[in-house]
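This report refers to the structure that appears directly beneath it.
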């Protein structure tokens, strides 16, 4: 495996770092102040001006839609390995990915539409998403069942002539709080009597379709994540054209496998960036503070944690790069163990480093004066999102046991899970 970046990627990496120095880091405070001002004015769900101002600059710099490989509609898209280093940089400031049109869940939805939608659906929904004109949400997780096992999904998608009628309740529908969110991809059951993994389908649903009600937003450790938000949504007799189904009835699990692989590794790439930034803050704070007569940085426990953080970040990065390399060269199915492993490892490493950074910052670490508390909340959520640790660990263990049994590893299904 050769993880050396091509001259093109190195050039883009330098360009992205310069963009951060010039436009992202200087606007971190403004972004937070704008959100707070909207919240105090009574409407947190207003898109920020700062991101809308930065999007054209990102496009002009050629830093746009980098996540989508092998798409004629986004020829600038990179391979997973090429994208890894750029996605990691975006992870250093969580809101920055939207500036480059590389934010979840739009990335996963765009990939889903590119791979599985009809040309008509691509023209209607993929094109404005690629242009950054609208946003989207993915509706899979449900409040009444353990969605870590997606076969539990109860939302019904029933054929009625030339339409499908959808009934169910979804939650943790990230992005649905944004008024620019114009389209959902909904997973539900079209045939409860089919095989366990052939019951589900996915359908494209315009967000303004009659029968859709956003019931409430769901805070994460007290954070509303506005204007993005995580919503509970009721779908009651929602009718969409039958042509809105993706790939065909009973293909939902197949689509989910294709969607969640890249989505999971993108989360992990960004987690490495968050961990790097947290380690930077830890070191700077440790060097600037004195406790018990000497700098915190000279305390043995602090040095041990700094060293261990560096080791674990490097290991997590290498595993991320290996998974990305395998996804590019042998495909997501063969790389399923590596994808599952990094989905367990990266958020846990980031959490550990952020936690140590909070300790060095003392009480300030849990305040809003520093971003550490909000980073911790997001990384802790990632241990549930796109499948909880336990589900991925079980899958990894089954693949490992299969090496010592007369079992075909291809017969082992990887989790289709959003967590919760």
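None of the figures in this text is laboratory data; all of them are computed from the coordinates on show. On a predicted model such as this, the values are computed, not experimentally measured, just so you know. Ideal geometry is used to build each Cβ from the backbone, glycine not excepted, and the neighbour counts take in all protein chains shown.
Gap in Å between the Cα centre of the stretch 93-132 and the Cα centre of the stretch 180-224?
Comparing the Cα centres of the stretch 180-224 and the stretch 93-132, I get a distance of 17 Å.
Taking neighbour counts of Cβ atoms within 10 Å as a proxy for exposure, in what order, fewest first, do 163, 361 appear?
So the ranking, lowest neighbour count to highest, is 163, 361.
Between 404, 378, 266, which gets the highest mean-square fluctuation from a Gaussian network model of the chain, Cα cutoff 10 Å?
404
Could you give the length gained on full extension between residue 79 and residue 43, defined as 0.36 nm per residue of separation minus the Cα-Cα distance, in nm?
Computed gain between residue 79 and residue 43 is 9.1 nm.
Can you tell which of 405, 327, 315 shows the greatest fluctuation in a Gaussian network model of the chain with Cα springs below 10 Å?
Checking each option, the largest mean-square fluctuation is seen for 405.
In terms of the Cα gyration tensor, with a ≥ b ≥ c the square roots of its eigenvalues, is the stretch 7-117 rounded because a/c is under 1.5, prolate because a/b exceeds b/c, or oblate?
oblate
Kindly express, to the nearest 10 degrees and within the range 0 to 90, the angle between helix 336-361's C-alpha long axis and the longest C-alpha principal axis of the chain.
Approximately 40 degrees, to the nearest 10.
Let's test this: bin the Cα-Cα distances of the chain at 20 Å from zero up to the farthest pair and state each bin's percent.
Here the calculated profile for the chain is 26, 59, 15, 1.
Between 78, 218, 287, find the one with the highest GNM mean-square fluctuation for the chain; connect C-alpha pairs within less than 10 Å.
Highest fluctuation among the options: 287.
Obtain the nm distance between the two label points defined at residue 156 and residue 21 by a simple spin-label model: each point lies 7 Å from its Cα along the Cα-to-C-beta direction.
Placing both labels 7 Å along Cα→Cβ, they lie 6.0 nm apart.
Using the count of nearby Cβ atoms within 10 Å as a rough guide to exposure, how do 255, 265 rank from fewest to most?
Result, fewest neighbours first: 255, 265.
On a 0 to 90° scale, report how tilted helix 28-40 is relative to the longest principal axis of the chain, with both axes built from alpha carbons and the result rounded to the nearest 10.
60
Neighbour counts of other C-beta atoms within 10 Å: give me 118, 174, 368 arranged from fewest to most.
Final ranking by Cβ density, sparse to dense: 368, 118, 174.
At a threshold of 8 angstrom on Cα-Cα distance, excluding pairs fewer than six apart, so keeping six or more, what relative contact order does the stretch 66-142 reach in percent?
Computed value for the stretch 66-142: 24 percent relative contact order.
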